[in-house]
Amino acid sequence: KLDLLQIFLGNRNSAQNHLTEIKLESKTELSHGLISLGEDRDSSSICTLAVDQAKNSKYSLHSIHHGWDYARFEPRIIQSKGEAATVIKGLQVTKGKEQISTHSLIRFEGPNGNLDQLQKAVAAEYSHCIFNGSIEVPKKAQKTEAAQLSRNLLLSKRARVDTKPELEIIADDVRCTHGATVSQLQDEELFYLLSRGIDSKHANSLLLKGYYDEVITHFPKSAEKWNF
C-alpha cells in the first residue's frame, strides 16, 4: 500500500511534457495525488499517465490542474484482468484565456471491474475547459460496474466548457452510467449566505470551496502545504 504525491510547477515561458507509468500487481493499493500548477503566464503542460492494474488491485487518482495557459492531461488506465477497483476524481480551474483539457481512457480487460469517476471544472473570464472521458467494456468484461460524471461551473458568460463522456459497451451483463452537467453558482445558495451577513465575495468563495473540496480533501496529507 502506497500514498504517492506528484507536484508539477510551471513558471513564465515554461513548457513541460511528463509521462508517468504505474504497474499495480495483485493485492496492491495506490493512492495517487497529482497537483499541476502553472504559476505564471505563458506556461504549458502535457501530462500522460499510464496505469496497468492486475486483479485485486486498487488505484485512486485525485488531481488538480490550475494556472496553465495551456494544459492537457491524459490518464490511461487498464484493468488487465478485471476484478480491480479504480477511483478517479479530477479538478481543473481556468481563468483569463487559459485552456485546460482532460482526455481519459479506462478499459476493462476482464470481468468484475469497478470504476468511480468524477471530473469537475470551473471556467472563469474567457477561459476554456475540456473533458473527454472514454470507458471501454469489451465482451469479456462481464459484470463491470462503472460510473462516470462530469460536473462543470461557468463563472462568466464568455467562458466555455466542452464535456463529452463516452461509453463503448460490448458486454451484456454490466452496470454502467454516465452524465454531464454545466451550470452556474446557484442563486438560492448565494442568497442564503448573503441573508446571513456574508458579503458577495466571501459567499462566492465559500461556495467554490465546497465545490472543490470533493476532490481536494482526498489528497495525501503532504499536499496541505500547497495552497491551491
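The values are calculated or read from the model by the stated rules, or taken from the named source; none is laboratory data. Everything quoted here is computed from the prediction, not taken from an experiment. Here the Cβ is made from the backbone with ideal geometry for all residues, glycine too, and neighbour counts use every protein chain on show. Just the protein is used for accessible areas: all its heavy atoms, side chains included, with ligands, DNA and RNA removed. Shrake-Rupley method; radii C 1.70, N 1.55, O 1.52, S 1.80 Å.
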Rounded to the nearest 10 Å², the accessible area of ILE130 at probe 1.4 Å: 40
Nonlocal amide H pairs with VAL174, under 5 Å, H built at 1.01 Å: LYS143
Positive-end residue of PRO220, VAL137, SER14, charge dipole of the chain with Cβ unit charges: SER14
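Quick check on my link table: of LYS157/LYS221; LYS143/LYS209; LYS97/LYS221; LYS58/LYS221; LYS23/LYS139, which ones sit more than 29 Å apart, alpha carbon to alpha carbon? Intermediate results must be reported in sequence, preceding the final value.
Numbers: LYS157/LYS221 36 Å; LYS143/LYS209 36 Å; LYS97/LYS221 32 Å; LYS58/LYS221 19 Å; LYS23/LYS139 24 Å.
Violating the 29 Å Cα-Cα cut-off are LYS157/LYS221; LYS143/LYS209; LYS97/LYS221.
If you roll a 1.4 angstrom probe over the protein chains with everything in place, what fraction of the accessible area of segment 1-157 belongs to carbon and sulfur, to the nearest %?
Values: 3180 of 6570 Å².
Carbon with sulfur: 48 percent of the solvent-accessible area.
Accessible area per residue of the chain at 1.4 Å probe, in Å²?
Details: 11850 Å² over 228 residues.
In whole numbers, the chain has 52 Å² accessible per residue.
Only helical DSSP H runs with n ≥ 4 go in: add -39500 (n - 2.57) per run for the chain, normalise by residue count and round the 222 nm mean residue ellipticity to 500 deg cm²/dmol.
Details: 2 runs with 25 residues, N = 228.
My calculation for the chain gives -3500 deg cm²/dmol from helical runs alone.
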Within the chain: Cβ-based charge dipole about Cα centre, in debye rounded to nearest 20 (Lys, Arg +1; Asp, Glu -1): 100
Cβ crowding within 10 Å averaged over residues, with 50-57, 31-38, 214-221 ranked highest first: 31-38, 50-57, 214-221
Residue among ARG158, ARG107, ARG76 with the largest mean-square fluctuation in a Gaussian network model of the chain, springs linking Cα atoms under 10 Å: ARG158
Residues whose placed amide H lies under 5 Å from that of PHE131, excluding near-sequence neighbours: THR102, ASP162, THR163, LYS164
Principal axis dimensions, segment 57-196 - Cα atoms, whole angstrom, descending: 51, 34, 24
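May I ask you to give the average projected area over all directions of the convex hull of the Cα atoms of segment 22-136, in nm² rounded to one decimal?
Values: hull surface 25.2 nm².
For segment 22-136, the mean projected area of the Cα convex hull comes to 6.3 nm².
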Farthest positive-ward along segment 32-74 dipole, Cα basis, beta-carbon charges - from ALA54, LEU34, GLY67: ALA54
Those GluC sites (Glu not before Pro) in segment 16-68 that DSSP places in a loop and that have at most 11 other beta carbons within 10 Å: GLU25
